[in-house]
Amino acid sequence: MTTQHLSGKVALIQGGSRGIGAAIVKRLAAEGAAVAFTYVSSAAKAKELQNSITGNGGKALAIKADSADAGAIRHAVSATVEAFGRLDILVNNAGVLAIAPLEDFKLEDFDQTLAINVRSVFIASQEAAKHMG
Ligand SMILES: NC(=O)c1ccc[n+]([C@@H]2O[C@H](COP(=O)([O-])OP(=O)(O)OC[C@H]3O[C@@H](n4cnc5c(N)ncnc54)[C@H](OP(=O)(O)O)[C@@H]3O)[C@@H](O)[C@H]2O)c1
């Protein structure tokens, strides 16, 4: 059971192509929001999700943007505002989980995890705040 109480609102979900992020995308769209979401690897799933929402009369935009890349995050925010005119909701869902014994854990994996799971939250929030007032 959903309402349309997010009608007129615009959301951006970092990491919305599958899993929990895709569920959030669907729910926000069902509530009436225009929803942009980012993906990296799952292009087919992202396209399918976008099409399923627009096919039901909703507004959706899949944006390829690596959350480890500050420029890509900023572009995702500006592309959302360009497409839908505003930004009201930001969901920082993108995340990775690297697992290995401490002595084998690669520094690159540590840096990548921090970039996607932590740094991207700061960058996206900072960029989104410029449009949220
Ligand atoms: N599931 C759990 O039990 C659990 C528990 C604790 C916390 N979490 C956190 O909850 C969030 C979602 O979990 P999940 O289980 O739904 O994860 P998931 O199934 O692995 O999905 C991750 C999502 O993030 C996207 N993503 C990954 N790396 C990205 C990057 N560099 N830039 C942009 N998007 C990226 C993926 O897109 P592509 O496939 O297109 O790359 C996908 O849409 C994650 O942050 C995870 O750490 C999950």
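What to note about this one:
- Backbone geometry of the stretch 104-112 corresponds, through the Karplus equation with coefficients 6.51, -1.76 and 1.60 at θ = phi - 60°, to 3J(HN,Hα) couplings of 9, 5, 7, 4, 4, 5, 4, 5, 5 Hz, x marking Gly and Pro.
- Solvent-accessible area, 1.4 Å probe, carbon plus sulfur percent, for the chain: 55
- Comparing Ala60, Ala98, Ala23 in a Gaussian network model of the chain where C-alpha atoms under 10 Å apart are linked, the largest mean-square fluctuation is found at Ala98.
- Candidate aspartates and glutamates for bridging to Lys130, where Cα separation is under 20 Å - those fewer than 8 sequence places away on the same chain excluded: Asp69, Glu82, Asp88
- Candidates Val81, Val121, Val96, ranked by Gaussian network fluctuation over the chain, Cα under 10 Å, top entry: Val96
- Chymotrypsin sites (Phe, Trp or Tyr not before Pro) lying in DSSP loop within the stretch 47-113, provided at most 15 other Cβ fall within 10 Å: Phe105
- Backbone HN-Hα couplings from phi across the stretch 59-76 [Karplus 6.51/-1.76/1.60, Hz, Gly and Pro as x]: 10, 8, 9, 8, 10, 6, 7, 7, 5, 7, 10, 4, x, 5, 5, 4, 5, 4
- Neighbour cut-off at most 13 other Cβ (10 Å), DSSP loop, trypsin sites (Lys or Arg not before Pro), the stretch 24-133: Arg86, Lys106
- Accessible surface, per residue, of the chain when the full set of protein chains is kept, probe 1.4 Å, Å²: 57
- Projecting the Cα atoms of Ser120, Thr3, Gly19 onto the charge dipole of the chain, computed from C-beta unit charges around the Cα centre, puts Thr3 farthest toward the positive end.
- ³J(HN,Hα), Karplus 6.51/-1.76/1.60, whole Hz, each residue of the stretch 120-129, x for Gly, Pro: 5, 5, 5, 5, 5, 5, 4, 5, 5, 4
- Residue of Ile73, Ile99, Ile53 that the Gaussian network model of the chain assigns the largest fluctuation, springs spanning Cα pairs under 10 Å: Ile99
- Helix axis angle, 43-55 relative to the chain longest principal axis, alpha carbon, degrees: 20
- Förster-model FRET efficiency, 35 Å R0, Asp69 and Glu103, C-beta, rounded to 0.05: 0.75
- Both radii are taken from the alpha-carbon atoms of the stretch 72-133; with Rh as the Kirkwood radius, Rg/Rh is 1.13.
The values are calculated or read from the model by the stated rules, or taken from the named source; none is laboratory data. All values derive from a computational prediction rather than experimental measurement. Note: ideal-geometry Cβ built from the backbone for every residue, glycine included; neighbour counts use all protein chains shown. Areas reflect the complete protein model, heavy atoms only, side chains present, ligands, DNA and RNA absent. Shrake-Rupley method; radii C 1.70, N 1.55, O 1.52, S 1.80 Å.
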